[in-house]
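The numbers here are math on the coordinates, done by the rules we state, and not lab data. Just so we're clear, the structure is a prediction, and the values are computed from it rather than from any experiment. Cβ coordinates were reconstructed from backbone atoms using ideal geometry, including for glycine residues, and neighbour counts include every protein chain displayed.
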Amino acid sequence: MPIKGLEDNAIKTSINTLNARLADTISVRLALKQAHWNVKGPNFIAIHELFDEVAARVATHEDTMAEQVQTLGGQAVGTAEAVVKATKVKPYPTDLVQSEDHIRAVCDRMADLGSRVRNAITEVTDAGDDDTADIFVDYSRQLDKDLWFIESHLGEAPKFA
Ligand SMILES: [Fe+2]
C-alpha cells in the first residue's frame, strides 16, 4: 500500500537508510553484549549492568527501524550474514578484558554510530520523510545520553567547561 504524500524516491531513501543503520545498530548491540559478558576491573557491577541496559535500549530502536521499513513497504534486513556485509562499524575485539578498554572500545563505536544516525536524519529529511527523520532523532538523542553514561566512567573533564 502506498504511503500518502511520500514520493517513491523518498521511500526508497528511507528504506535504504533504515536498513543501513539497522546493520550498524546490530553490530553495536552485539559489541555491547561482548563487553557485558567479558568486562572485568574497577566498577565491575556498574559497568557490567550498564552495558546490558544500553544493549536493551539499542534493541528497541533496532526494532523501531526494522518495523518502519515494513511500514514503508520494504524488506527489513537483519540477519547475521547480511549485517557482516552491510555494517560500517569497526569489528569489536574479542580479547578485551579490562573495563577501561571495553569502555573506550564501546564509546568509540557508539560515537561513530551516533554520527551516522545524525547523517541519516539529514538524508531522510532532505528526501522529504519527516516521520523516519523523527525515528532517527529519537534514536540519536538516546545514543548521546547512553554515550554520556558509559563515557562518564572514565572520569575525564568536560570538553566545554
Ligand atoms: Fe547478562
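Residues in segment 34-43 that are in a helix (DSSP H, G or I) and surrounded by fewer than 20 Cβ atoms within 10 Å (Cβ to Cβ): 4 in all.
Taken together, 46, 31, 55, 80 contain a single residue that is within 16 Å of the ligand (Cβ to nearest atom), of a type in the set (Gly, Ala, Ser) and loosely packed, with under 15 Cβ neighbours inside 10 Å, which is 46. Looking at segment 92-143, which of its residues are out of contact with any Pro (no Cβ under 9 Å at 6 or more places or on another chain), over 21 Å from residue 60 (Cβ atoms) and aliphatic (A, V, I, L, M)? Of everything in segment 92-143, those that are out of contact with any Pro (no Cβ under 9 Å at 6 or more places or on another chain), over 21 Å from residue 60 (Cβ atoms) and aliphatic (A, V, I, L, M) turn out to be 96, 97, 103, 127. All of 19, 9 fail the test of being away from the ligand (no atom under 13 Å from the Cβ) and surrounded by fewer than 17 Cβ atoms within 10 Å (Cβ to Cβ), apart from 9. Only a single item in (1) out of contact with any helix residue (DSSP H, G or I) (no Cβ under 8 Å at 6 or more places or on another chain); (2) within 25 Å of residue 145 (Cβ to Cβ); (3) in contact (Cβ under 8 Å) with a residue 60 or more places away in the chain is not met by residue 11, and it is number (2). Exactly one residue out of 140, 115, 152, 99 is crowded, with 16+ Cβ neighbours inside 10 Å and farther than 17 Å from residue 31 by Cα, and it is 140. When residue 68 is tested against the conditions (1) within 16 Å of the chain's Cα centre (by Cα); (2) over 16 Å from residue 109 (Cα atoms); (3) within 16 Å of the ligand (Cβ to nearest atom); (4) crowded, with 19+ Cβ neighbours inside 10 Å, the lone failure is (3).
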